[in-house]
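Student: Before I ask anything, here is the structure I am working with.
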Amino acid sequence: MKKLSLAALGLAGAMLLAAPAHAHFMMTYTPETALEKAADLDFRIVFTHPAEAGHMMDMGGVKEFYALHQRGDGEAKKIDFKSLLKEVTWKNPDSSAPAFSALIPRKELRSMGDYMFVMVPGYYYEKEEDVYMQQITKLLVNVGGIPGNWNMPAGLPCEIVPLAKPYGLWTGNVFQGQVLSNGKPVAGAEVEVEYMSHAPDLKKNALSPKSSVNYPNGVMVTQAIMTDANGVFTFGLPKAGWWGFAALGVGPDKKHDGKELSQDAVIWVQAVDMK
Amino acid sequence: MFKIFAGLALIASVALPGGAYAHSAIFDCFDNGDGTISCQGGYSDGSSASGVSIKVKDAKGRIIEELKLDSNSEVSFKKPAGDYKVMFDGGEGHSIEVDGKKIVQ
């Protein structure tokens, strides 16, 4: 009896984990976010489920890919990297889809300061729910240790503005962000959180089949936190590595091609162990 | 006293690498490849280094040029012919010298 129920529980658990999760996460990834000096930055832009190396999705191309560079209180400068994008096929263990790579040469990053990378994808059609999704994604990289515009809005339709330096986080720190839609704070927004438990392999263009986390159930795969009256959320980072935050449906665009659109704001931060 | 990173960036002696001390000076130069050198200064808390004196010295330590960082905390100058050093003169505990040999494209 006991054996049976345990087996049933196990099966239910497996089904939960195997079921298509709702945490679609746009990944704009490069291995390091705090560089002591300029280096070539190898980027991948992938639409997947990073906690489970799960289903891959076609993001519908990339509309914009650029960085807003600022050092100290100097002038912010926009550097367009869209021309560096190359289409690749990203292969997770059970799924593959078109994704993009970009190798940004060191010369573009030799000026010290913050580089706020912004990626605006096309539209992904979610057949099951008959809706479109667009996840506008930010990633902050610092060169040389002089901060710049990390805590400034990029002026996107929707975005998460970091209130904690996103490339300077220890494991156990909190990450705090403010969700904006058309520049205004969004109170009561749901922010989904996932850990990139499968390491990206940039040579193979794949997430590793091996997970660094044993999830006890599906609930723990995608966590959720709500923004307060000022649009702010605060989330502790329990493990070194990459954490993704997605504020769902906060963007001003609600329709695309006559169908419902979820325009989401995504940001990725990297936590580092204190050794 | 300086922590020298693999490349060019130097952090003044008051700061430990990656440390959280406010206001440590940071200074870096690169060769533009057209016979000019550009340098950038700043502080770890993001405050401006605009107006800070930059001294270009020859192999014997003599000042061959004295400049000031512009409103964007940057300065460019003609690459000296021989060995040279560039000094960010931020005052006590905030001065940094970069060896021209370490200034690359």
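The values are calculated or read from the model by the stated rules, or taken from the named source; none is laboratory data. Computed from a predicted model, the values in this text were never measured in an experiment. Here the Cβ is made from the backbone with ideal geometry for all residues, glycine too, and neighbour counts use every protein chain on show. Surface areas here come from the heavy atoms of the whole protein model, side chains and all, with no ligands, DNA or RNA. Shrake-Rupley method; radii C 1.70, N 1.55, O 1.52, S 1.80 Å.
Student: GNM, chain A, Cα, under 10 Å: largest mean-square fluctuation among A:VAL46, A:VAL88, A:VAL232?
Tutor: A:VAL88
Student: How high is the relative contact order of chain A, given as a whole-number percent (alpha carbon pairs under 8 Å, six or more residues apart)?
Tutor: 20
Student: Give, rounded to the nearest 20 debye, the magnitude of the charge dipole that the protein assembly as shown has about its Cα centre when Lys and Arg contribute +1 at Cβ and Asp and Glu contribute -1 at Cβ.
Tutor: Roughly 820 debye for the protein assembly as shown.
Student: Seen from all sides and averaged, what is the projected area of the convex hull of the Cα atoms in segment A:180-242, in nm²?
Tutor: 6.1
Student: Give me the Debye-computed log₁₀ of I(q)/I(0) at q = 0.11, 0.15 Å⁻¹ for segment A:106-175, equal point scatterers on Cα only, no solvent, two decimals.
Tutor: Rounded to two decimals, the profile gives -0.38, -0.63.
Student: Let me spell out the model: positive unit charges on the Cβ of Lys and Arg, negative unit charges on the Cβ of Asp and Glu, origin at the Cα centre of segment A:128-204. What dipole size does that give, in debye rounded to 20?
Tutor: Charge dipole of segment A:128-204: 560 debye, to the nearest 20.
Student: Go through segment A:94-107 residue by residue and turn each phi into a ³J(HN,Hα) via Karplus (6.51, -1.76, 1.60, θ = phi - 60°); whole Hz please, and just put x for glycine and proline.
Tutor: 10, 6, 9, 7, x, 9, 9, 10, 8, 9, 8, x, 3, 4
Student: While we're here: Distance check, please: which entries in A:LYS165/B:LYS101; A:LYS239/A:LYS259; A:LYS78/A:LYS210; A:LYS107/A:LYS203; A:LYS63/B:LYS79; A:LYS37/B:LYS57 exceed 30 angstrom between their Cα atoms?
Tutor: A:LYS165/B:LYS101; A:LYS239/A:LYS259; A:LYS78/A:LYS210; A:LYS63/B:LYS79
Student: Could you check which residue among A:GLU75, A:GLU192, A:GLU64 shows the biggest mean-square fluctuation in a GNM of chain A with a 10 Å Cα cutoff?
Tutor: Result for chain A, Cα springs under 10 Å: A:GLU75 fluctuates most.
Student: In Å² (nearest 100), what accessible area is buried between B and A, both sides summed, heavy protein atoms only, 1.4 Å probe?
Tutor: That pair of chains buries around 1500 Å² in total.
Student: Nearest 500 deg cm²/dmol is fine: what mean residue ellipticity at 222 nm does chain A get from its DSSP H runs of n ≥ 4 alone, each adding -39,500 (n - 2.57), divided by its residue count?
Tutor: That comes out to -2000 deg cm²/dmol.
Student: Next question. Could you look at chain A and say what percent of its accessible area is carbon and sulfur, using a 1.4 Å probe and all protein chains?
Tutor: 55
Student: With every protein chain present, what accessible area does A:THR222 have (1.4 Å probe, heavy atoms only), rounded to the nearest 10 Å²?
Tutor: Taking all protein chains as shown, A:THR222 has close to 30 Å².
Student: Please flag any cysteine in the protein assembly as shown that has no other cysteine's Cβ under 4.7 angstrom from its own Cβ.
Tutor: Result for the protein assembly as shown is A:CYS158, no neighbouring Cys Cβ within the cutoff.
Student: Taking a probe of 1.4 Å, how large is the accessible area per residue of the protein assembly as shown, in Å²?
Tutor: Normalised by residue count, the accessible surface of the protein assembly as shown is 46 Å².
Student: Helix A:2-18 versus the longest principal axis of chain A: what angle, 0 to 90°, nearest 10, using Cα atoms?
Tutor: Result, in degrees: 30.
Student: Another question about this same structure. Could you tell me which residue out of A:VAL120, A:MET59, A:SER211 lies farthest along the dipole of chain A toward its positive end? Charges go on the beta carbon: Lys and Arg +1, Asp and Glu -1, centred on the Cα centre.
Tutor: Toward the positive end, the furthest listed residue is A:SER211.
Student: If you don't mind, another one. Taking N as the number of residues in chain A, what is its alpha-carbon radius of gyration divided by 2.2 N^0.38 Å?
Tutor: Relative to the rule-of-thumb radius for its length, chain A sits at 0.99.
Student: Ignore the peptide's own chain and count Cβ atoms of other chains within 10 Å of each Cβ in A:71-82; give me the average, rounded.
Tutor: Mean number of neighbouring Cβ atoms from other chains: 4.
Student: Run the numbers on segment B:30-57: which residues show a drop of 40 Å² or more in accessible area, chain on its own versus all protein chains together, using a 1.4 Å probe over heavy atoms?
Tutor: Those residues are B:PHE30, B:GLN40, B:GLY46.
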